[in-house]
1. Which order do you get for S76, S49 if you rank them by accessible area with a 1.4 Å probe, largest at the top?
2. Taking the Cα centre of each part, how many Å lie between the stretch 95-136 and the stretch 77-92?
3. Place the peptides 63-70, 115-122 in order of packing, highest mean first, counting for every residue the other Cβ atoms within 10 Å and averaging per peptide.
4. Would you tally the net charge around Q85, using a Cβ to Cβ cut-off of less than 14 Å, leaving Q85 out, and scoring K and R as +1, D and E as -1?
5. Which net charge results for the neighbourhood of A63, defined as the other residues with beta-carbon distances under 9 angstrom from its beta-carbon, given Lys and Arg at +1 and Asp and Glu at -1?
Amino acid sequence: MKLVPPLVLAAASLTLGFVTIDAKSVSAAIINYAFIVDSPITKGNGFFSFDDSTFSNESNPVATINSLSFQFDGDSTIYTEQDDQKYPEFPLVFPTTSLTGQKYFALDYLFNDKSNPSSSISYEIIGEDFTIFSRTSPDAEPISGKVSYTQVPEPTSLIGALFACSLGWMMKRKVASIKKVKI
């Protein structure tokens, strides 16, 4: 009989944990991602979000970005989705798989250097590839870099996990205080 309350508590906490961590929405959801750009001459990071219900019904589905914010390290210029050369049809997001087998969403984003408007430099992000190139000098060597992506968890998942952990902690304290009283 003494094991029943702790077992019920453990089962409830475990169930809540799995529900909050592995929940898959039946309806459309706004998905948030962070990304980091790393090249030999510059680095930067940003965020983007999209509605997963807007994917096209093609063999390679794409969706337009709801919002995007990107900034190179050490530069105060902020690039948004409106800076894409083909806005509003671009930037796009598409599902892809890394070489390690991890599935994620990646960007297709092409934008010009805003910090120096007279410059002919453009930047392109396609999946895990980042390229810096000149629009006016076809002989100029493009510079390549890498992009990495991380999904930002939804606040409801974080709140649910926090609730489950708090509930478990409170129940553990209650069980411990009951044991002290009985002794």
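The values are calculated or read from the model by the stated rules, or taken from the named source; none is laboratory data. Computed from a predicted model, the values in this text were never measured in an experiment. Neighbour counts are summed over all protein chains in view; Cβ atoms, including those assigned to glycine, are modelled from backbone coordinates with ideal geometry. When the accessible area is computed, the model is the full protein with side chains, heavy atoms only, and any ligands, DNA or RNA have been set aside. Shrake-Rupley method; radii C 1.70, N 1.55, O 1.52, S 1.80 Å.
1. S76, S49
2. What the calculation gives is 11 Å, centre to centre.
3. Details: 63-70: 18.4, 115-122: 11.5.
Answer by packing, highest mean first, reads 63-70, 115-122.
4. Values: positive: K86, K114, R135; negative: E81, D83, D84, E89, D108, D113, E124.
Charge balance in the 14 Å sphere: -4.
5. Numbers: positive: none; negative: D51, D52.
Neighbourhood net charge equals -2.
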